[in-house]
1. I'd like the residue in segment 92-109 that is free of Cβ contacts under 8 Å to residues at least 40 places away in the same chain and touching a helix residue (DSSP H, G or I) at 6+ places or on another chain (Cβ under 7 Å) and, out of all such residues, is nearest to K72 (Cα to Cα).
2. Report yes if some residue within segment 110-126 is farther than 23 Å from Q32 by Cβ, open to solvent by 30 Å² or more (accessible area, probe 1.4 Å), assigned to a loop (DSSP other than H, G, I, E, B) and in contact (Cβ under 8 Å) with a residue 60 or more places away in the chain; otherwise report no.
3. Looking only at residues in segment 89-109 that are among the hydroxyl-bearing types (S, T, Y) and outside any helix (DSSP H, G or I), which one is nearest to K36 (Cα to Cα)?
4. Looking at segment 26-40, I want the residues that are among the polar types (S, T, N, Q) and have a partner that is open to solvent by less than 70 Å² (accessible area, probe 1.4 Å) and not in a helix (DSSP H, G or I) with Cβ atoms under 6 Å, at least 6 apart or on another chain. Which pairs are those?
5. Taking the stated definitions as given, is H99 more than 30 Å from V20 (Cβ to Cβ) and either exposed (fewer than 14 other Cβ atoms within 10 Å of the Cβ) or within 13 Å of the chain's Cα centre (by Cα) (or both)?
6. Every residue in segment 73-96 that is open to solvent by 50 Å² or more (accessible area, probe 1.4 Å) and under 13 Å from the mean Cα position of the chain (by Cα), please.
7. Please tell me if V30 is outside any loop (DSSP other than H, G, I, E, B) and among the β-branched types (V, I, T).
8. May I ask you to list the residues in segment 42-72 that are surrounded by 15 or more Cβ atoms within 10 Å (Cβ to Cβ) and under 24 Å from Q95 (Cβ atoms)?
Amino acid sequence: VYLLIMTLQQQSKNNLQTNVDRTKEQLTKVKQFIQKNLHHGELNPRAIASSVGVGLRHLHSLFETEEFTLSKYIKIQRLDMAKRLLSTSVNSITQIAFHVGFNDISHFNRCFKERFNITPSELRKRKN
């Protein structure tokens, strides 16, 4: 009986570790997909879940242990990419905003200011 209990406990630990590893792999796959597709304005949870082969509810659960929700993560990645492009690209602020998936320049400007405490045009002036 003792041996059976020990075997079952070990199997349970192995299954738990396998689930943790699978969750980490799925989260990595989701984040990579997001990075590759930030420029798509229609990038949304349903499209992501479908593309990486997980359910919508499971997709959101992958971000429960992360610092940000899925939607917030996407927005932050877009803003971070926009900041890099504003520093290195000669494209207009509007072109950059649309390139990283924003489809409303006013919304982009508000989000950018909220994230970096500086407007995109102020950042661009500082870089020049």
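The values are calculated or read from the model by the stated rules, or taken from the named source; none is laboratory data. Predicted model, so just to flag it, every value in this text is computed and none were measured. Cβ placement follows ideal geometry from the backbone for every residue including glycine, while neighbour counts extend to all protein chains displayed. What goes into the accessible areas is simple: the full protein's heavy atoms, side chains included, and nothing from ligands, DNA or RNA. Shrake-Rupley method; radii C 1.70, N 1.55, O 1.52, S 1.80 Å.
1. Going through segment 92-109, the residues free of Cβ contacts under 8 Å to residues at least 40 places away in the same chain turn out to be 92-97, 104-109.
Narrowing the set further to residues that are touching a helix residue (DSSP H, G or I) at 6+ places or on another chain (Cβ under 7 Å) leaves 93-94, 96-97, 105, 108-109.
Values: I93: 21, T94: 21, I96: 19, A97: 17, I105: 18, F108: 14, N109: 16 Å.
Filtering first and then ranking leaves F108.
2. No, because not a single residue in segment 110-126 is farther than 23 Å from Q32 by Cβ, open to solvent by 30 Å² or more (accessible area, probe 1.4 Å), assigned to a loop (DSSP other than H, G, I, E, B) and in contact (Cβ under 8 Å) with a residue 60 or more places away in the chain.
3. Narrowing segment 89-109 to residues among the hydroxyl-bearing types (S, T, Y): 89, 92, 94, 106.
Imposing the further condition that a residue be outside any helix (DSSP H, G or I) reduces the set to 89, 92.
Numbers: S89: 19, S92: 22 Å.
So the residue we want is S89.
4. Pairs that qualify, where the first residue is among the polar types (S, T, N, Q) and the partner is open to solvent by less than 70 Å² (accessible area, probe 1.4 Å) and not in a helix (DSSP H, G or I), are N37/L43.
5. Values: more than 30 Å from V20 (Cβ to Cβ): yes; either exposed (fewer than 14 other Cβ atoms within 10 Å of the Cβ) or within 13 Å of the chain's Cα centre (by Cα) (or both): no.
Against the criterion (more than 30 Å from V20 (Cβ to Cβ) and either exposed (fewer than 14 other Cβ atoms within 10 Å of the Cβ) or within 13 Å of the chain's Cα centre (by Cα) (or both)), H99 does not qualify.
6. K75, the sole residue that qualifies.
7. Working: outside any loop (DSSP other than H, G, I, E, B): yes; among the β-branched types (V, I, T): yes.
Yes.
8. Once the filter is applied, which keeps residues that are surrounded by 15 or more Cβ atoms within 10 Å (Cβ to Cβ) and under 24 Å from Q95 (Cβ atoms), segment 42-72 yields only L43.
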